[in-house]
Amino acid sequence: MSKAYLVLANGKVFCGERFGAEGNVTAEVVFTTGMTGYLETLTDKSYFGQIVVQTFPLIGNYGVIPSDFEGGLIGPSGYIVKEWCQSPSNFRSEGDLDTFFKARGVIGLSGIDTRALTKLIRESGVMNGAIVSSPEEADMDDIRAYRVTDAVERTTIPQMECRENPNARVKVALMDFGLKENIRRELEARGAQVTVCPAKTTAKEIEALGVDGIMLSNGPGDPADNVEIIRNLHDMMGLGIPIFGICLGHQLLALANGFRTEKLKYGHRGANQPVQNLQTGRVYISSQNHGYAVVSESIDPEIAEEYFANVNDRTCEGILYKNAPAFSVQFHPEACGGPHDTAFLFDKFFASMEYRG
């Protein structure tokens, strides 16, 4: 394997070894603490425009399993691990990460001190970086100026997509802002006929589908960039159709109601984030992947109330709306991979659809 380097915007350089595809890449460098679920991370479009650092030291030990993918696209622009397993062992495995990365054009870097890198990001905040063949190839101006743009437009589907569900009892429009496939699976398992809709689908188009509920998916980028989508969601709130938002969908719905979002210092990424239900006081362990959050102080109490809060930093993790049959959460109740503590929120969504019917 040939040498490669991670050059950060603050000038710090880490030397490691390449695996996967050749080439250089500049992106935002973030870390995730998940001990499992690397395949779900790699196929999660919420990581669009980012280089992902895995804090767990050995990645790839159970190989490549297509049935575990969260989508057909690779989410991250680059991937950094302490060590990748060259001989995976799992009866479901269909290959190894190096071969998979080469086929998909994913640039990997291994052999660096991921613990030191994670501590640096945690203390300094998320920063841009580049994986290059030599430090001299890094353009520091380009690295510092990099910004994730057009993220939702570049990850959403081009047209509506619906697959039959013989056990369907309700119809759901699933807005694709960069969705994880397990959201659709959770909806279908509970009896939904799901129509996946492009990110800029309008309220009139949703109304014409005759759906019983609207699901807002996760996705990448700065939520405030999506002006047209936010406007459409404001109109959807007026349809009286139950709405359930997850992650980016949660943020976009908040913006549609006049609340604010902010970028977090280093975000929440992993499968061990504690969240508290502010109505009951109960704490759940959740799977999360986000760099932005709704500003709790911006929530208008006449319109909505905070539903969940992060136990670690008290950031907003959920909202209950008073002006429409809608609620949203920042974390991932579909949790693939991760704990299933909050899967009951899908049942809450179905109950609201059936109550309306």
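Read the figures in this text as sums done on the coordinates, not as results from a lab. The model shown is predicted, which means the values in this text are computed figures rather than measured ones. Cβ placement follows ideal geometry from the backbone for every residue including glycine, while neighbour counts extend to all protein chains displayed.
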Let me know the Kirkwood hydrodynamic radius for the range 161-356, please, with Cα pairs as the basis and the value in Å to one decimal.
16.4
Provide F349, F101 in ascending order of the number of other Cβ atoms located within 10 Å of each residue's Cβ, fewest first.
F101, F349
Proximal aspartates and glutamates relative to K171, as straight alpha-carbon distance under 20 Å, when same-chain residues fewer than 8 apart are discounted:
E161, E181, E186, E188, E205, E207, D212, D235, E334, D347, E354
The range 161-356: relative contact order from alpha carbon pairs under 8 Å, six or more residues apart, as a whole percent, is 19
Reduced to Cα centres, the span from the range 54-99 to the range 244-295 in Å works out to 27
Would you mind classifying the range 257-354 by shape? Square roots of the alpha carbon gyration tensor eigenvalues, ordered a ≥ b ≥ c; an a/c under 1.5 is rounded, otherwise it is prolate if a/b is larger than b/c and oblate if not.
oblate
Among N128, N323, N226, residue whose mean-square fluctuation peaks in a GNM of the chain (springs only between Cα atoms under 10 Å)
N323
Scoring the range 211-251 by relative contact order with C-alpha pairs under 8 Å, at least six apart, yields a percentage of 70
Report relative contact order for the chain in percent, whole number only (criteria: Cα-Cα under 8 Å, sequence separation at least 6).
15
Based on other C-beta atoms within 10 Å, arrange K45, K265 from fewest to most.
K265, K45
Within 10 Å, count the other beta carbons around each residue, average over each peptide in 216-222, 201-207, 31-37, and list them highest first.
216-222, 31-37, 201-207
What is the Rg over Rh value, at two decimals, for the range 3-145, using alpha-carbon atoms and the Kirkwood definition of Rh?
0.95
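Per-residue ellipticity at 222 nm for the chain, helices alone: DSSP H runs ≥ 4 residues times -39500 (n - 2.57), over residue total, nearest 500 deg cm²/dmol?
-6000 deg cm²/dmol
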Please give every one of the lysines within straight-line cross-link reach of K82, meaning a C-alpha to C-alpha distance under 21 Å, and leave out same-chain neighbours fewer than 8 residues apart.
K3, K12, K102, K119
Looking at the range 122-189, what % of the alpha carbon pairs are farther apart than 16 Å?
68
Please build a GNM for the chain, connecting alpha carbons under 10 Å apart, and tell me which residue among A199, A208, A343 fluctuates the most.
A208
